[in-house]
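As structure tokens, the structure follows; a few thoughts come after it.
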Amino acid sequence: MEMLTEGQSKRQDRERVLKILRAYAWNSMAYLSLEDDKHWFFSQQVEGVASYALSHGVMVVCGDPVCAKNDMPAFLCELKEFASEHQYRMVFLFANGEFLPMYRSAGFGTTAIGEEAVFDLCTWNLHGGRVAKVRAAVNHAKKAGLVVKEYVPSRKRDKCIENEFSEISRLWLAQKHTAPLKFALGDIGFDFPNDKRYFYALSREGVMQGFIVFLPYRRATAYMADVTRRRPDAIYGTTELVFCESLSRFQEERIATASLGVAPLANVTATWRRKGFQLLCKYIYRHMNCIYGFRQLHAAKEKYAPTRWERVFIVSHPALLSPKMSYATADVLDSKGFHDYVDAFLKHHATMM
């Protein structure tokens with residue numbers, strides 16, 4: 001029997017994950033399972049996968065385990081056994097509220113950690129006062145000559161287009177106070193597009209101004225805006241135009257739902273047993289925007305007038321979320337680790353003195 005190389009085995013596992021995602025991805029972050037920073041735990045009892053990263057003995061799972069809804073209780077028990085065997089603590093980051101009863105029945109603790117901006121595409125439009133600023137930005141971009149196009153790398157690769165995506169990303173990331181985020185944010189990923197949708201804006205001169213990469217979920221009846229970037233000197237209204245034109249395309253395709261993703265730490269509430277965690281989240285949300293613009297991110301999503309805000313949760317086992325588990329969760333989100341947040345915080349305060 002011919003042995004598979006490590007690369008061949010990885011490709012086979014990736015195809016297996018993709019098949020599961022296409023069938024059962026309910027959480028808008030599910031397709032992030034395919035990113036290179038994830039390990040995969042495949043269920044032995046049901047068809048399912050959990051994508052995770054390890055930090056300081058904590059198994060941090062991206063979103064929810066991906067499987068049929070009826071299989072979730074069995075899969076959670078299997079994950080608990082795996083974690084126990086390896087002496088891991090477990091955290092599910094940005095879990096969907098629909099599965100909370102199953103988590104709680106399995107002995108997990110649950111706490112709100114933010115909210116997700118969701119759009120019902122059968123009713124959403126650019127009319128009304130709530131989206132007046134977005135409408136004005138879109139009109140400005142159109143008058144400036146911007147047009148939105150879709151790039152489909154699975155159909156035909158174009159190195160020039162891909163180079164512009166990369167250049168915009170480089171310029172965008174150069175402005176950030178911390179290293180690039182990962183785990184809960186994907187990469188552009190042209191080598192493995194895996195059902196992603198790529199929309200970008202071109203100026204009259206043919207220069208790309210910005211782009212948005214969308215991830216599918218709910219069997220491609222819904223899409224989440226994952227990577228959103230623009231040139232530092234982009235024409236005003238670039239991002240708004242790309243997002244709104246993308247949603248218009250989805251509406252034409254009779255796609256039901258779109259998401260602008262999670263606003264972490266926004267409107268966090270907790271039971272009396274977790275008041276300390278709630279107060280910490282509120283402090284970070286209000287006072288640590290020098291590191292990551294939590295409040296600005298929520299405001300940027302709010303201006304599009306989402307149909308609703310859906311709460312997302314951090315789920316933990318043991319049920320009480322310990323400082324070590326919180327540290328590990330923050331650690332996997334930054335490509336340079338937790339110390340990068342500390343460095344950014346100290347540098348910001350040094351400039352304020």
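Every number here is computed from the coordinates shown, using simple stated rules; none is lab data. Note that the structure is a prediction, hence the values are computed from the model and not measured. Please note: Cβ atoms are built from the backbone with ideal geometry, for glycine as well, and neighbour counts cover all protein chains shown.
Some points to look at:
- For the stretch 1-100, the alpha carbon convex hull comes to 118 Å³ per residue, rounded to a whole number.
- Förster radius 30 Å - calculated FRET efficiency between Arg219 and His127, Cβ distance, rounded to 0.05: 0.50
- The trypsin sites (Lys or Arg not before Pro) of the stretch 182-215 that DSSP puts in a loop, and whose beta carbon has at most 16 other beta carbons within 10 Å, are Arg204.
- Here is the list for the stretch 1-76: GluC sites (Glu not before Pro) lying in DSSP coil, each with at most 15 other C-beta atoms within 10 angstrom of its C-beta, are Glu2.
- Loop-resident sites, the stretch 55-155, for trypsin sites (Lys or Arg not before Pro), counting at most 12 other Cβ within 10 Å (DSSP): Arg155
- Percentage of interatomic Cα-Cα distances in the stretch 184-269 larger than 18 Å: 48 percent
- Pairs of Cα atoms in the stretch 92-164 fall into 5 Å distance bins, from 0 up to the last occupied one, in shares of 3, 10, 11, 10, 10, 12, 16, 12, 9, 5, 2, 0 percent.
- Added length on full extension, which subtracts the Cα-Cα distance from 0.36 nm per residue, Lys80 to Lys10: 22.7 nm
- Debye-sum result for the stretch 112-250 in log10 I(q)/I(0), which assumes one identical scatterer on each alpha carbon, at q = 0.10, 0.14, 0.18 Å⁻¹: -0.35, -0.70, -1.17
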